[in-house]
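Notes follow once the structure below has been shown.
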Amino acid sequence: MKHAFLLFSSLALSGIISCKSQKNTETRSSASSQTVAEDTSFVYKGVTDQNCAAEIAFGSPGSGIDGQGYMRITKYIEEKKLASTSKPIGREGEVRICLPLTEVKGKEKETVINDLKNLVKQSQYTSISLR
């Protein structure tokens, strides 16, 4: 009887341990794959208006756009004196900002695009499309 109890308890314990280690492995692998996807998930190739070198789109899950993100990005555009146009694309404040970026060239243009990517990355439901 003692041997049967020891055998049963050791099998149960090893089953619990193996389930926990498998769960931890799955959690780590899915978290690392999400990190890679999140780094580029907000950047798209192709714009809806060919006059735009970059388009920033503010989406909404049903409660309006990210107002703080919108203010950060529009403030940056104003500080850099970048030409832009805005077009409403929804009923909850969704908007698309078109940036021709004709006033910047070379390395400065790359810097502006990288700055915009970082600002978009900080905002919710916001993406950037590049020509």
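What follows is calculated from the coordinates using simple rules that are stated; it is not laboratory data. Every value quoted in this text rests on a predicted model; they were computed, and no experiment measured them. Cβ placement follows ideal geometry from the backbone for every residue including glycine, while neighbour counts extend to all protein chains displayed.
One table, with the values for the structure above:
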read-out: Check: region 43-130 dipole with +1 on Lys, Arg Cβ and -1 on Asp, Glu Cβ, in debye; value: 140 debye
read-out: Globularity index of region 50-112, i.e. its alpha-carbon radius of gyration over 2.2 N^0.38 Å; value: 1.18
read-out: Ranking of Tyr44, Tyr125 by count of other Cβ atoms within 10 Å, fewest first; value: Tyr44, Tyr125
read-out: Over 22 Å (Cα to Cα) - which of Lys80/Lys121; Lys75/Lys109; Lys45/Lys121 fall in this group; value: none
read-out: Segments 111-117, 53-59, 81-87 sorted - mean Cβ within 10 Å per residue, highest first; value: 53-59, 111-117, 81-87
read-out: Burial ordering of Asp66, Asp49, fewest other beta-carbon atoms within 10 Å first; value: Asp49, Asp66
read-out: Leading residue at positive end of dipole, region 40-118 (Cβ point charges), from Cys98, Asn51, Pro88; value: Asn51
